[in-house]
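The values are calculated or read from the model by the stated rules, or taken from the named source; none is laboratory data. Because the structure is predicted, anything quoted here is derived from the model rather than measured. Reconstructed Cβ throughout: ideal geometry from the backbone, glycine too, with neighbour counts over all protein chains shown. With ligands, DNA and RNA removed, areas are computed over all heavy atoms of the protein, side chains included. Shrake-Rupley method; radii C 1.70, N 1.55, O 1.52, S 1.80 Å.
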Amino acid sequence: MPGPDGWDDDVDGAVPFRPMSISEMLDGSIAGMRRRPRMTLGLSVAVSTVIQVASSIVAYFFIGNDARGEVTPGVLLRSLGAQATLGVVGLVLSAYGILLLSGLLAPILGRELLGLPIAPGQAWRDARPRLGRLAATAGVVMGAPLLALVLPVVPFFLLVAVDAHPALGVVAALVGFPLGIGLMVWLYILLVQAVPAVVLERQTVGGALRRARTLSKSRWLRTCGTLLLALLVTVFMGFFALRIPFLIVQLVFFGTDPEGGAAVAALALDTVGRIVSWSVVLPFDAGVITLLYMDRRMRREGLDLDLRTRGRSAAAAASASSLDGGAENDRGDGFIDLWRPRPTTAPSMPPPMPPSRPPFP
């Protein structure tokens, strides 16, 4: 039941209206998918299809003129090094898709958090005014950690290229690779909350990145632990539970070394398997990122307390805006206004009290 301020402590929705534990964020992401399957899975299928089809096209043409001259990607399927490289490319594209989807799903989970109605197509209307900045922000959040990974290992590859003493290469590898991995993880955790911020707060790319750094202060380890648990769930669900059946079918019908048309069919089946598996797991990871952002807003800035203070008037404005379809411009609507950071002003000092009696002469 709602309290006197018009808000429920536990709204009958997917996301509790209060600071969340790690398990509640994981459960809330799954519950959001279950309550809004057509919205979440529709967006996820669209993003996954683009990413996985692009990965397959890159796979087909990866080894250059030899593959193009053969008509089929048989050489590619037999090349362990090429497949490893393509696997890394696929993971990077999938990670970028997760970031895009977290921005697209942020309005859905935001309305679930507040117990507001969600009209058909509402998530797209909320995200469309910031779609370009969402793509750019996701690119920065993905690209900056990758650059941080590459730079420390450049000396190792330079030493190998010039055929330097092996000891120098070993030292460069022992220092560069752990340092690069550490910087990549640290920077990604620091910036990941910029993606929901650029949509819900209508921030610029730079403003969203600054907001992410502010929200991550003193909570880096908790954010890292939450995303690590989400990654473990993703690996289990996306590969073992959903992907293996497609791999078994591919092995039964096409074998381990398909040729000609069978190779193309095997690649097509593998693409379908990746689309199905990633369409299910991408919304989970994206939802966890969005719920991390909301949890940090409530813990650090008291967003839930602020909304309770504003009470029914804020809820009524946001609800009316939702039913009307929302605004499609950068000024936002009642729902978007709820997420804008409120300016903090220093409390003004009260004027001095007049003396109770005139001073002594």
(message) From the phi angles alone, apply the Karplus equation (6.51, -1.76, 1.60; θ = phi - 60°) to segment 127-142 and give each ³J(HN,Hα) in whole Hz, x where the residue is Gly or Pro.
(response) 8, 4, x, 10, 5, x, 5, 4, 4, 5, 5, 4, x, 5, 4, 7
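Would you tally the net charge around R222, using a Cβ to Cβ cut-off of less than 11 Å, leaving R222 out, and scoring K and R as +1, D and E as -1?
Numbers: positive: R219, R296, R299; negative: D295.
Computed value for this residue: +2.
Probe radius 1.4 Å, ligands and nucleic acids ignored: give me the carbon and sulfur share of the accessible area of segment 119-186 as a rounded percent. It would help to have the intermediate numbers written out before the result.
On the way: 3100 of 3750 Å².
Carbon plus sulfur share of accessible area: 83 percent.
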(request) For a quick protection proxy, order the peptides 273-284, 176-187, 199-210 by their average other-Cβ count within 10 Å, most packed first. (result) 273-284, 199-210, 176-187
(message) Which three numbers, in whole Å and largest first, are the semi-axes of the equivalent ellipsoid of segment 80-193 derived from its Cα gyration tensor as √(5λ)?
(response) 40, 14, 11
